[in-house]
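Participant: Take a look at this one; I'll ask things after.
The values are calculated or read from the model by the stated rules, or taken from the named source; none is laboratory data. All of these numbers come straight from a predicted model, not from anything done at the bench. A quick note on method: Cβ atoms are made from the backbone with ideal geometry, for glycine too, and the neighbour counts reach across all protein chains shown. When the accessible area is computed, the model is the full protein with side chains, heavy atoms only, and any ligands, DNA or RNA have been set aside. Shrake-Rupley method; radii C 1.70, N 1.55, O 1.52, S 1.80 Å.
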Amino acid sequence: MTTLQLSVFLENKTGRLNDVAKVLAEAGINMTAFSVADNSDFGILRVLVSDPEKAKQVLKEKGFAVKLTNVLALRIGNSAGTLYTILDKLAAEKVYIEYMYAFSEGEQASVVIRPNNIDQAIEILKANKIEFVG
Amino acid sequence: MIWNPSVECMDRESMRKLQSERLRKVVERVYNNCEPYRKRMEEAGVTPEDINSIDDIVKLPFTSKKDLRDYYPFGLLSAPKEEIIRIHASSGTTGKPIVVGYTKNDIANWNEAGARCLSAFGLGKQDVIQVAYGYGLFTGGLGAHGACETIGAITIPISAGNTEKQMLMMHDLQATALACTPSYALYLAESLEKSGLKDKMNLKVGIFGAEPWTEQMRKEIETKLGIKAYDIYGLTEISGPGVGHECECQCGTHICEDLFFPEIIDPETGERLPDGSVGELVFTTLTKEGMPLIRFRTRDLTRLIYDKCECGRTSVRMEKIMGRSDDMLIIRGVNVFPSQVEAVLCEVEEFEPHFFITVDRVNNTDTFDIKVEVKEQYYTDEISGMVKLQKKLAARLQSVIGLQPNIILAEPRSMERSQGKAKRALDKRKLQ
Ligand SMILES: [Zn+2]
C-alpha cells in the first residue's frame, strides 16, 4: 500500500535541483513525481522514483542528505471534489496530512500524501475504496 | 615521560635565575645588533644595564605583529645574515607576510622544545609519527618534523592534504601518532569512517595545534579516531609548535619557559597583571639569536597558572586560549568570538562542528549569519523539522553570545574542512 518516497535536502543555491536530476538520470533512475517545498533559506525535494534504494545510494555518494519516507500514492480520478472527500474522511478520524502533492499519469490524477498516522490512513482509505498507485 | 627533567622540573627560584641570566643576554644582543630595538629602548630610557632580573622585563617596550611587517623582511634580525640558516613565514591576512629567521642554535632549541612536547604525549623511539602539517614556510610541518626526529621516532613527512594517501600511509606504516590541525583530524576521521579502514589503524596519539579548538572538539576527535588528543602550542613569530604543550594531566599548556618567557598584560593599558589574571599573553624569546622578540604581544587572551602540576613539571601552565582580540567580531555592540560558536555547535547533538560566520551591514544594522551543517541522520523530509533545528541552535547561541544569529543550513559535508588555519568568519563590513 505504501510507496517509498525519496527526500533530498537542498541548499538554496541555483542548480542544486538540476544536480539531483542529473545524478538520477546518470544512474538510469526515472522520476515519476516530484515536489519542492522551500522557505527562503533551503528546500526539500520530495520525489517518487523507479528505484528508491538505488537512488538513495547514488545521491548519498554525491554528498546529498537523503531520506526515505513511506507515503501513500492515491489514484483519485479527475472528478472535482474527490480529493476533498478523501481529506474530509481522514480528518474525521483525526488523521492529518503533513504534506501532499499531486501528479498525473495519463488520464488519471494521482496524489501523494504523508499522513501523521500512515496505518490508520490506509485503513480509512481502503474502507472508502480508494485506489492506491503501485 | 619527561624529556628534560632538569629544566622541566626545576624549582621556581632556579628557573627565575636562569630566566634572568638569559634575559640579560638577549637584551644585550638586540640592543647591540638590532637598530629598531636599540632606538625603542633609547626612547623608553632603558639600557641593558637596567635589566638585572626577570622582573625588570616590565621596563622593556613591547613588540607587535606590526613591527614584523614594518621591518620586513630582515629588519629585526639580531644576528648576521651568515648565521641564519632557515626562514619561516606566515601569510598575513593583510599585506606582507611575517618572516622569521633562525640560526642553527635556534633550530636546535626549537627541536628541544618540540621533543619535550612529544615526550609529554608519551611518544618516543618506538613510535611512528605521521606529520600531516603543511611543510614549507608554515612552521607546523618542519617544526613537528624536527621534534619527531629529535625523540628518535620514525617520521613520516607526508605534509598536508591528499587524504587518500594519508590513509594509505597511516595504515600501511601503522602510524601510532598523527600531527595535524584538529579540523583536519576531524576530516580524516570522517574519511576513515567512510573508507572502512578505521578499525585497521594503529593510531594512539594526536598532536594537534595551529588553530584554536574546544574540549568538545577534542572529545569528538578522540571518539572518532580512538586516540588521545593533545594540544601543542606555537606561534610563527616566537617559534612554531613547541612553545608549549599539554601533559598527561591535560590541565593546561606547559610553557617551555626557560626558552619562551610568558607574561599576562592588560590589553588596554599594557600593565603587567597579577598572577592568575586573564589578559593578553606576551612572550619574550630568551635564547633566540636570529630574531629574538622582546615582549611580543600575541593578542591571545588567557591566564597563567604557576602551581606545580601533578605530572611533576614545575613549568608554568597556560589555560586554553579564550579568544583572540583580532578574531573578535563586534556585532551590534556585542563581542563575539568564533570559539563560542564552535563550543555551542559541539554541544548541540544535531550539528557538525563546522561553521562559517558572515557579518554584514544592511540598512545600518549588522547582520549575523552562521552557516552550519546538520549531521546526516538529523535531516528530515519536512520544512518544519528543519526549521525546528534552526531555532534550537539560534536559541542556544543567543543564550551563550547574547545575540540571535541567522542560521543557514548547509548540505552535508559541504563546508570546508580546513587543512591549515581555519578561516571561520568573514566581516563584509570591512570591505565596504
Ligand atoms: Zn603537567
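Participant: Take segment A:87-115 and flag every residue that is within 14 Å of chain B (Cβ to nearest Cβ) and part of a strand (DSSP E or B). Steps first, please.
Facilitator: First, pick out the residues of segment A:87-115 that are within 14 Å of chain B (Cβ to nearest Cβ): A:96-101, A:112-115.
Within segment A:87-115, A:ILE97, A:GLU98, A:TYR99, A:MET100, A:TYR101, A:VAL112, A:ILE113, A:ARG114, A:PRO115 qualify.
Participant: With respect to the numbered conditions (1) charged (D, E, K, R); (2) within 27 Å of the chain's Cα centre (by Cα); (3) outside the structural domain of B:ASP231 (by TED's automatic domain parsing); (4) open to solvent by 20 Å² or more (accessible area, probe 1.4 Å), which one is the sole condition not fulfilled by B:GLU342?
Facilitator: Only one criterion in (1) charged (D, E, K, R); (2) within 27 Å of the chain's Cα centre (by Cα); (3) outside the structural domain of B:ASP231 (by TED's automatic domain parsing); (4) open to solvent by 20 Å² or more (accessible area, probe 1.4 Å) is unmet by B:GLU342, namely (4).
Participant: Now for a different question. Could you tell me which numbered condition B:SER53 fails, if it satisfies all but one of (1) surrounded by fewer than 15 Cβ atoms within 10 Å (Cβ to Cβ); (2) under 19 Å from B:THR298 (Cβ atoms)?
Facilitator: (2)
Participant: So, in segment B:218-229, how many residues would count as being away from the ligand (no atom under 16 Å from the Cβ) and either within 14 Å of chain A (Cβ to nearest Cβ) or open to solvent by 30 Å² or more (accessible area, probe 1.4 Å) (or both)?
Facilitator: 6
Participant: Which residues, taken from segment A:1-27, are away from every other protein chain (no Cβ under 13 Å) and open to solvent by 60 Å² or more (accessible area, probe 1.4 Å)?
Facilitator: Of everything in segment A:1-27, those that are away from every other protein chain (no Cβ under 13 Å) and open to solvent by 60 Å² or more (accessible area, probe 1.4 Å) turn out to be A:MET1, A:THR2, A:THR14, A:ASN18, A:LYS22, A:ALA25, A:GLU26.
Participant: Shifting gears a bit: Is it the case that segment B:321-330 has a residue that's surrounded by 14 or more Cβ atoms within 10 Å (Cβ to Cβ), within 15 Å of B:HIS245 (Cα to Cα) and either more than 14 Å from the ligand (Cβ to nearest atom) or at pLDDT 80 or above (or both)?
Facilitator: yes
Participant: For the subset of segment B:351-377 comprising residues that are farther than 19 Å from B:TYR187 by Cα and of a type outside the set (Val, Ile, Thr), which member is farthest from the other protein chains (Cβ to nearest Cβ)?
Facilitator: B:ASN364
Participant: Turning to a different aspect of this structure: Where residues in segment B:230-249 are away from the ligand (no atom under 16 Å from the Cβ) and aliphatic (A, V, I, L, M), which of them is modelled with the lowest pLDDT?
Facilitator: It comes out as B:LEU235.
Participant: Examine segment B:287-302 for a residue that is of a type outside the set (S, T, N, Q), within 16 Å of the ligand (Cβ to nearest atom) and either open to solvent by 10 Å² or more (accessible area, probe 1.4 Å) or closer than 23 Å to B:MET41 by Cβ (or both), and state whether such a residue exists. Reasoning before the result, please.
Facilitator: First pass over segment B:287-302, keeping only residues of a type outside the set (S, T, N, Q): B:288-297, B:299-301.
Restricting the remaining residues to those that are within 16 Å of the ligand (Cβ to nearest atom) gives none.
No; the residues of segment B:287-302 include none that is of a type outside the set (S, T, N, Q), within 16 Å of the ligand (Cβ to nearest atom) and either open to solvent by 10 Å² or more (accessible area, probe 1.4 Å) or closer than 23 Å to B:MET41 by Cβ (or both).
Participant: Which condition from (1) within 16 Å of the chain's Cα centre (by Cα); (2) surrounded by fewer than 16 Cβ atoms within 10 Å (Cβ to Cβ) is the one that A:ARG46 breaks?
Facilitator: (2)
Participant: Answer yes or no as to whether B:THR314 is open to solvent by 10 Å² or more (accessible area, probe 1.4 Å), β-branched (Val, Ile, Thr), within 16 Å of the ligand (Cβ to nearest atom) and more than 14 Å from every other protein chain (Cβ to nearest Cβ).
Facilitator: Working: open to solvent by 10 Å² or more (accessible area, probe 1.4 Å): yes; β-branched (Val, Ile, Thr): yes; within 16 Å of the ligand (Cβ to nearest atom): yes; more than 14 Å from every other protein chain (Cβ to nearest Cβ): yes.
Yes; evaluated as a whole, the condition is true for this residue.
Participant: Say whether the condition of being farther than 29 Å from B:LEU123 by Cα, open to solvent by less than 40 Å² (accessible area, probe 1.4 Å), in a loop (DSSP other than H, G, I, E, B) and in contact (Cβ under 8 Å) with a residue 60 or more places away in the chain is met by at least one residue in segment B:265-283.
Facilitator: Looking for residues that are farther than 29 Å from B:LEU123 by Cα, open to solvent by less than 40 Å² (accessible area, probe 1.4 Å), in a loop (DSSP other than H, G, I, E, B) and in contact (Cβ under 8 Å) with a residue 60 or more places away in the chain, one finds at least one in segment B:265-283, hence yes.
Participant: When you scan segment A:28-43, how many residues do you find that are farther than 29 Å from A:ARG75 by Cβ, open to solvent by less than 60 Å² (accessible area, probe 1.4 Å) and outside any strand (DSSP E or B)? Give the steps one after another, and end with the answer.
Facilitator: Here is the first cut: in segment A:28-43, the residues farther than 29 Å from A:ARG75 by Cβ are A:39-42.
Remaining after also requiring open to solvent by less than 60 Å² (accessible area, probe 1.4 Å): A:39, A:41-42.
Narrowing the set further to residues that are outside any strand (DSSP E or B) leaves A:39, A:41.
Residues in segment A:28-43 being farther than 29 Å from A:ARG75 by Cβ, open to solvent by less than 60 Å² (accessible area, probe 1.4 Å) and outside any strand (DSSP E or B): 2 in total.
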